[in-house]
Amino acid sequence: MPCNGFFYAWGEALRSLNRNKWMTIASIGVVVVTLLMLGGFMLVHLNLNHITESVKSQVEIVVYIEDTATLAERNELRERLVAHSALAEVRFVSRDEALRRMKEKLGDLVEGYEGSEENPLPDSFELRTHNPEAVGAVAEELARYPAVAKVDYGKATVEGLFQATRAVQLVALALMIGLAVTAVFLIAHTIRMTVFIRRREIMIMKYVGATNWFIRWPFVLEGLLIGLFGAILPLAGLYYIYRVSLDWVSANLMFLTLVPLPLVMVELSKYLIPLGTGLGILGSAFSMDRFLRV
Amino acid sequence: MIEAEGLYYCYEKNGDYVLNDLNFKIDRGEFVFIIGASGAGKSTLFKLIIREIVPVKGTLKVFGHDLARMPRYRVPYLRRNIGMVFQDFRLLEDRTAFDNIAFAMQVTGASSREIRRRVPYVLELVGLPDKANAKVCDLSGGEQQRIGLARAIINRPAMIIADEPTGNLDPENSYEIMNILRSFNIRGTTVLVATHNHEMVKLLKKRVILLDKGRLAADEAKGVSAGAL
């Protein structure tokens, strides 16, 4: 594009946005509403993921050691666990440590055992797997090892949790795809309308000898600007909403950790800005082709 | 400048020919009226000349180029050499006279300095030197058509084609518009005018091509056919 054409295209795009103020506002509005919904859903999705990931990473297998096991048997068991490829972390918890932890949790209720020789708790290993979803299979395998009294991993809770998160993720994905497709149609339709309103102008341009790209550029830039504004506004809105939500959650639901604000904004911008501008550009470039055939 | 040989056109496949075996030649610097009843094929002929459509049979050469063989990307450059004037003016009504004329120059990549210099000159040629900043919707029909003429001439085209340029104007304005077209012609521009305005054809005594149901019914040098209508 020659220099004159470049300035002409930008100037024309800005003038046209201003000239068709109501259509511009409507187009930006459509982009804002759809991207706001999409962004809101992404927020929920991101946080659900974050929560399930953090729950997943806390899933542990506890292997209780037989009281009668010898030192050699205990050492052998430890070596086998450390060498196990599915395990990420192996930690020995002595019966004394287990009792101390229990006291911290339950306080006075374990008062009676204080200093007692009759600690009812066994020695154990706390294990973490590389893949949290593999805990069931790994636990079953470990139960067959010698010197193992019992393996515990909260079977029902863990499996229920994984099934639920998988279902939530699938629904979230389906809804986001549906919303993105709706956004594409809405934006393309709105831009087609702005092009339709200006078909006369396009026809005159063709008659006075404008090339197709000369006509297209201002529309493409216009689409880009509509998409950009349409993405920035919901980002600003979501920033505010998320900040308020974070404050509320940290005050009322302390056990819940949400994705930090900067990370969320980076993640949202990464999708919403290219999506908004891309939709704007594609929408305007393609919806006007019909009017260029003069 | 324009050469038609065995030119045929129909809008629908296997439909009736709107133009039927047209043969004529128009030289540089000529002033030609194309006349004929509605549906005679005048507008279709103009669409062919600006290559909005291509002939189904025969050849049409404009500026020496066979239009049927002209690649699409060359069409804008052909049109920059042809100024067009329409019955309904086809101006951007929400913009000023200056903007409407400048528009045709911007398309060719002209600098704003060139545009600022040339537009007032052309406005003067069409007799509206003080209307540069007037909005088109505030101008009278005659004034709007003069802006249309200014836009057509702004890029110094070799040819102007005007489709019923006086169709929406009163006799006085019609005469003014024809006079401006004639002045362009005197400066060397080839002018083709499709019209129903027989008075004007008789008055100007220019070459007349009479179309009848797509056929060339007459081609007279001095406006004689106008009387035959």
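The values are calculated or read from the model by the stated rules, or taken from the named source; none is laboratory data. Please read these numbers as outputs of a predicted model, since none were measured by experiment. Here the Cβ positions follow ideal geometry from the backbone for every residue, glycine too, while neighbour counts run over all protein chains shown.
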Next on the checklist: When you check B:PHE98 against the structure, is it under 30 Å from B:LYS135 (Cα atoms) and not in a loop (DSSP other than H, G, I, E, B), yes or no?
Outcome noted: yes
Next on the checklist: Being closer than 23 Å to B:ARG74 by Cβ and basic (Lys, Arg) is the filter here; which residues of the stretch B:13-58 pass it?
Outcome noted: B:LYS25, B:ARG28, B:LYS47, B:ARG51, B:LYS57
Item to check | Matching residues in the stretch B:132-152 - criterion: being under 21 Å from B:ASN185 (Cβ atoms), of a type in the set (Gly, Ala, Ser) and touching a Phe, Trp or Tyr at 6+ places or on another chain (Cβ under 7 Å) | outcome: B:GLY148
Next on the checklist: Tell me whether the stretch A:87-95 contains one or more residues that are touching a Lys or Arg at 6+ places or on another chain (Cβ under 9 Å), away from every other protein chain (no Cβ under 14 Å) and of a type in the set (D, E, K, R).
Outcome noted: yes
Checklist entry - Where residues in the stretch A:97-126 are small (Gly, Ala, Ser) and in contact with a strand residue (DSSP E or B) (Cβ under 7 Å, 6 or more places away or on another chain), which of them is modelled with the highest pLDDT? => result A:SER124
Item to check | Condition broken by B:GLN106, with the remaining ones in (1) modelled with pLDDT of 90 or more; (2) surrounded by 18 or more Cβ atoms within 10 Å (Cβ to Cβ) satisfied | outcome: (1)
Checklist entry - Taking into account only those residues within the stretch B:171-208 that are assigned to a loop (DSSP other than H, G, I, E, B) and at pLDDT 90 or above, which is nearest to B:LYS47 (Cα to Cα)? => result B:THR189
Next on the checklist: Looking for something β-branched (Val, Ile, Thr), out of contact with any Leu (no Cβ under 6 Å at 6 or more places or on another chain), surrounded by 21 or more Cβ atoms within 10 Å (Cβ to Cβ) and in a loop (DSSP other than H, G, I, E, B) - is there at least one such residue anywhere in the stretch B:209-228?
Outcome noted: no
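Residues are listed down the side, and each one gets a yes or a no for (1) touching a Pro at 6+ places or on another chain (Cβ under 6 Å); (2) farther than 30 Å from A:ALA86 by Cα:
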position	(1), (2)
A:ALA9	yes, yes
A:ARG15	no, yes
A:ARG19	no, yes
A:VAL30	no, yes
A:VAL44	no, yes
A:ILE51	no, no
Next on the checklist: Here are the criteria: (1) over 17 Å from the mean Cα position of the chain (by Cα); (2) of a type outside the set (S, T, N, Q); (3) away from chain A (no Cβ under 14 Å). Tell me which single one B:ILE180 does not satisfy.
Outcome noted: (1)
Item to check | Residue in the stretch B:89-100 that is modelled with the lowest pLDDT, counting only those that are facing another protein chain (nearest Cβ under 10 Å) and on the phi < 0 side of the Ramachandran plot | outcome: B:ASP94
Item to check | Set A:SER85, A:SER54, A:SER94: member being modelled with pLDDT under 85, out of contact with any helix residue (DSSP H, G or I) (no Cβ under 6 Å at 6 or more places or on another chain), surrounded by fewer than 17 Cβ atoms within 10 Å (Cβ to Cβ) and of a type in the set (Ser, Thr, Tyr) | outcome: A:SER54
Checklist entry - What pairs can you find where one residue is in the stretch B:169-184 and over 14 Å from B:GLY148 (Cα atoms) and touching a residue at least 40 places away in the same chain (Cβ under 8 Å), the other is of a type in the set (Lys, Arg) and part of a loop (DSSP other than H, G, I, E, B), and their Cβ atoms are less than 9 Å apart, with a gap of 6+ or different chains? => result B:ARG182/B:LYS206
Checklist entry - Mind checking which residues of the stretch B:42-84 are under 20 Å from B:GLU30 (Cβ atoms), more than 10 Å from every other protein chain (Cβ to nearest Cβ) and assigned to a strand (DSSP E or B)? => result B:THR59, B:LEU60, B:LYS61, B:VAL62, B:HIS65
Checklist entry - Cβ-Cβ below 7 Å, separation at least six or inter-chain, first residue in the stretch A:7-24 and within 12 Å of chain B (Cβ to nearest Cβ), second of a type outside the set (D, E, K, R) and surrounded by 14 or more Cβ atoms within 10 Å (Cβ to Cβ): which pairs? => result A:TYR8/B:GLN106; A:ALA9/A:TRP217; A:ALA9/A:PRO218; A:ALA9/A:LEU221; A:GLU12/A:PRO218; A:SER16/A:PRO218; A:ASN20/A:THR194
Checklist outcome for this item: Flagged pairs (Cβ under 8 angstrom, 6 or more apart or on separate chains; first in the stretch B:104-119, without any contact (Cβ under 8 Å) to a residue 12 or more places away in the chain; second of a type in the set (Gly, Ala, Ser)) are B:GLY109/A:GLY5
Checklist entry - When both residues are 6+ apart or on different chains and their Cβ atoms are under 6 Å apart, which pairs have a first residue that lies in the stretch A:94-114 and is within 22 Å of A:GLU66 (Cβ to Cβ) and among the polar types (S, T, N, Q), and a second that is at pLDDT 65 or above and not in a helix (DSSP H, G or I)? => result A:SER94/A:ASP123
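Listed here are the residues, each with its yes/no results for (1) modelled with pLDDT under 75; (2) under 28 Å from the mean Cα position of the chain (by Cα); (3) charged (D, E, K, R).
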{"site": "A:VAL148", "(1), (2), (3)": "no, no, no"}
{"site": "A:ALA156", "(1), (2), (3)": "yes, yes, no"}
{"site": "A:LEU186", "(1), (2), (3)": "yes, yes, no"}
{"site": "A:PHE196", "(1), (2), (3)": "no, no, no"}
{"site": "A:MET205", "(1), (2), (3)": "no, no, no"}
{"site": "A:ILE226", "(1), (2), (3)": "no, yes, no"}
Checklist entry - Among (1) more than 30 Å from B:LYS47 (Cβ to Cβ); (2) within 14 Å of another protein chain (Cβ to nearest Cβ), where does A:MET203 come up short? => result (1)
Item to check | Filter pass, A:TRP217 being within 14 Å of chain B (Cβ to nearest Cβ), surrounded by fewer than 18 Cβ atoms within 10 Å (Cβ to Cβ) and assigned to a helix (DSSP H, G or I) | outcome: no
